[in-house]
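A short worksheet on the structure shown next.
No value in this document is a laboratory result; all are computed from the given coordinates. The structure presented is a predicted model; accordingly, all values stated were derived computationally and were not measured. Every residue, glycine among them, receives a Cβ derived from its backbone with ideal geometry; neighbour counts consider all protein chains shown.
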Amino acid sequence: MQFADLLTRRGKAALEGRVTELTGILKTGQRFVSDGGLLDRAKCRALMAKLERELGDALVPMERGIPPQSIWGLTENYAEQLPKTVRCSTARKTGKTALALLRSDTFGRFAEVVSGRKVRKKWGTQVLAYGPGDYAGPHHDHHPEEPLARDGYTDVHVSLCNGAVREQLLVYAPYAHFSEQQSVAVNGLVTAYRLPFWHYTTPLQGRAGARRWLLLGTFLDA
């Protein structure tokens, strides 16, 4: 499966660089952009069904809570520090369908269009799943020890939600404050990030069985 196989007419125009509000947007100083009109909703539902069949039994918990010492180890007022916390699930294997989409050349091409940069031919991939109450705490994804990433890189995410999902927000700090937010509980939402910058996702809200799949690619500049 190619990323292009999921695209709407608007999505195909974006891939060709004909949607001006997306083309090179992450080279203008903007750190985050989202668009819910790029992917065909019916095709996204079919993709989600495939992921459930291929990867539903391969999901394992990924959890890192708030360490007690972050409170009780404090020796100075207002000196608290919070490491990245998270609760979701990750796939033990990428799966045939997800891997084909995430490694497709049109997915890499879209990353180049939205970032305004050439990307390296090999990029990182990951499959995550959020259920009720799952979240990712404040973090910035800066990797100063990695020469190819320390000056910035691009993430592109594909979000797939079933009908039991009610809400989940991405909250981010374009500058010095967590002043912006965007719902990511949209089936077929595409989001792109120019990292690093501070952001977090709120606990997913929904009925029993709610699930938000997140397919992501991490693209280093060429």
Normalised by the empirical 2.2 N^0.38 Å for globular proteins, what value does the Cα Rg of segment 1-64 take? 1.46
log₁₀ I(q)/I(0) of the chain at q = 0.17 Å⁻¹, via Debye over equal Cα point scatterers, no solvent, to two decimals? -1.32
Residues in segment 135-161, backbone N under 19 Å from the label point at Phe178 (7 Å along the Cα-to-beta-carbon vector): list them, ranges by number please. 135-142
DSSP loop (so not H, G, I, E, B), at most 13 other Cβ within 10 Å: list which trypsin sites (Lys or Arg not before Pro) in segment 1-62 pass both filters. Arg18
Let me check the size of segment 107-147 from its C-alpha atoms; what are the radius of gyration and Dmax in Å? 14.3, 37
Compute the FRET efficiency between Ala46 and Asn77 as 1/(1 + (r/R0)^6), taking r as their Cβ-Cβ distance and R0 = 35 Å, and round to the nearest 0.05. 0.05
If I take the Cα coordinates of segment 50-118 and project them onto the principal axes, what are the three extents in Å, biggest first? 52, 38, 12
Write out the trypsin sites (Lys or Arg not before Pro) in segment 103-205 meeting two conditions: DSSP loop, and at most 13 other Cβ atoms within 10 Å of their Cβ. Lys118, Arg120, Lys121, Lys122, Arg150
Given GluC sites (Glu not before Pro), DSSP loops and at most 14 other Cβ atoms within 10 Å, the longest exposed-site-free stretch of the chain is 146-222
Evaluate the charge dipole of the chain about its Cα centre and quote only its size in Debye, nearest 20, assuming +1 on the Cβ of each Lys and Arg and -1 on the Cβ of each Asp and Glu. 880 debye
quick shape note, segment 112-196: Cα extents on principal axes in Å, largest first -> 41, 31, 22
Rounded to whole angstrom, the alpha-carbon centroid of segment 104-150 lies from that of segment 36-84 at a distance of 15 Å
Have a look at segment 179-222 and give its Rg and Dmax from the Cα atoms, expressed in angstrom. 13.0, 43
Stretch Thr125-Asp141 to full length: gain in nm at 0.36 nm per residue minus the Cα-Cα span? 4.3 nm
Here the convex hull volume per residue of segment 1-114, taken over Cα atoms and given in Å³, is 147 Å³
